[in-house]
Amino acid sequence: MFLEDPPRDEAVNAIYRDIVEESGYLSNYAKAWAWRPDIWRAFTDARSMATRDIGLNRRELAVVIAAAVSGAADSYCSLAWGTTLSRETDEYVAAGVLSGQTPGELSHREVVLVNWARKVARDASSTSRTDIDELKAVGLSDREIFGISALVAFRMAFSSVNAAVGSRPDLQLSEAAPSEVRDAAVAFGRPVASDRSPIR
């Protein structure tokens with residue numbers, strides 16, 4: 001990371017504890033976001049809200065986020081969400097989504113979601129009424145379409161901050177990913193860290 005590590009205090013330690021509890025180690029991005037614990041808390045609360053009541057099951061959620069973060073060339077989140085998607089589908093489908101394809105194993109609804117997520121991530125001004133009509137045709141309401149769009153935007157904010165300050169994907173994250181996902185995700189964005197992240 002291009003920034004120095006933040007000084008440890010109660011607020012920073014609380015962020016570190018939460019991330020270690022979730023990941024099993026102190027993710028590289030934690031040290032960047034710990035510079036502003038107030039922004040981290042507000043952001044993660046908003047991001048969590050954006051995943052609720054948007055009409056997606058776990059597999060569809062993974063499809064949307066994997067398509068969005070890979071569309072933005074974010075290797076960090078692509079490794080994380082490509083691995084999640086591989087558990088919901090398989091490593092070949094996940095690698096295909098990360099590589100910009102629309103694997104045949106995806107349902108029509110999932111293809112529509114992939115296309116929307118990529119457009120929002122790459123060039124939000126490129127969306128059209130036709131895109132909205134396609135989302136509605138696969139059962140999504142206006143409220144859900146807004147929620148999915150907000151979710152993608154929050155993911156883009158997270159990716160942008162991490163990339164801007166030089167946070168590199170954790171070695172542990174890369175090691176846990178299927179090889180197909182790893183090969184697809186590290187073809188763009190920041191390279192994987194060469195050292196293992198600490199566990200505390």
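The values are calculated or read from the model by the stated rules, or taken from the named source; none is laboratory data. Owing to the predicted nature of the structure, the values given are computational and were not obtained by experimental measurement. Cβ coordinates were reconstructed from backbone atoms using ideal geometry, including for glycine residues, and neighbour counts include every protein chain displayed. These area figures cover heavy atoms from the full protein model, side chains too; ligands, DNA and RNA do not enter into them. Shrake-Rupley method; radii C 1.70, N 1.55, O 1.52, S 1.80 Å.
Could you work out the per residue convex hull volume over the alpha carbons of segment 25-177, in cubic angstrom?
109 Å³
Using a 1.4 angstrom probe on heavy atoms only, work out the carbon and sulfur share of the accessible area of segment 141-196 in %.
Numbers: 1480 of 2580 Å².
Within segment 141-196, the accessible surface is 57 percent carbon and sulfur.
Pull out a ≥ b ≥ c, the square roots of the eigenvalues of the alpha-carbon gyration tensor of segment 35-79, then state rounded if a/c is under 1.5, prolate if not and a/b is larger than b/c, and oblate in the remaining case. List each step's numbers first, then the result.
Working: a/c = 3.24, a/b = 1.23, b/c = 2.64.
It is oblate, given that a/c is not under 1.5 and a/b is not larger than b/c.
Treat every Asp and Glu Cβ in segment 127-200 as -1 and every Lys and Arg Cβ as +1, leave all other atoms uncharged, and give the resulting dipole magnitude about the Cα centre to the nearest 20 debye.
Dipole of segment 127-200, to the nearest 20 debye: 320 debye.
Using the C-alpha gyration tensor of segment 1-81, what are the square roots of 5 times its eigenvalues, in whole angstrom, with the largest one first?
In descending order, the three semi-axes are 26, 16, 11 Å.
For segment 129-168, what is the convex hull (Cα atoms) projected area averaged across all directions, in square nanometres?
Average projection, Cα convex hull of segment 129-168: 3.5 nm².
How many angstrom lie between the C-alpha centres of segment 144-200 and segment 58-105?
Segment 144-200 and segment 58-105 have Cα centres spaced 11 Å from each other.
How large is the helix-only mean residue ellipticity at 222 nm for the chain, computed as the sum of -39500 (n - 2.57) over DSSP H runs with n ≥ 4, divided by its residue count, in deg cm²/dmol to the nearest 500?
Theoretical 222 nm ellipticity from helices: -20500 deg cm²/dmol.
Using 1/(1 + (r/R0)^6) with R0 = 22 angstrom and r between the beta carbons of Met49 and Arg87, what's the FRET efficiency to the nearest 0.05?
According to the calculation, E is roughly 0.35.
If I compute solvent accessible area with a 1.4 Å probe over the protein chains, what percent of it on segment 1-117 is carbon and sulfur?
Percent of accessible area from carbon and sulfur atoms in segment 1-117: 48.
Treating only the Cβ atoms of Lys and Arg (+1) and Asp and Glu (-1) as charged, compute the dipole magnitude of segment 71-200 about its Cα centre; round to the nearest 20 debye.
For segment 71-200, the charge dipole is close to 420 debye.
Ignoring ligands, DNA and RNA, how do Met49, Met1 rank by accessible area with a 1.4 Å probe, largest first?
Result, largest first: Met49, Met1.
Once whole DSSP H runs in the chain are found, which of them have Cα atoms spread over 27 Å or more along the helix axis and a mean Kyte-Doolittle score of at least -1.0?
142-164
In percent, how large is the relative contact order of the chain, given Cα pairs closer than 8 Å and 6 or more residues apart?
About 32 percent, as a whole number.
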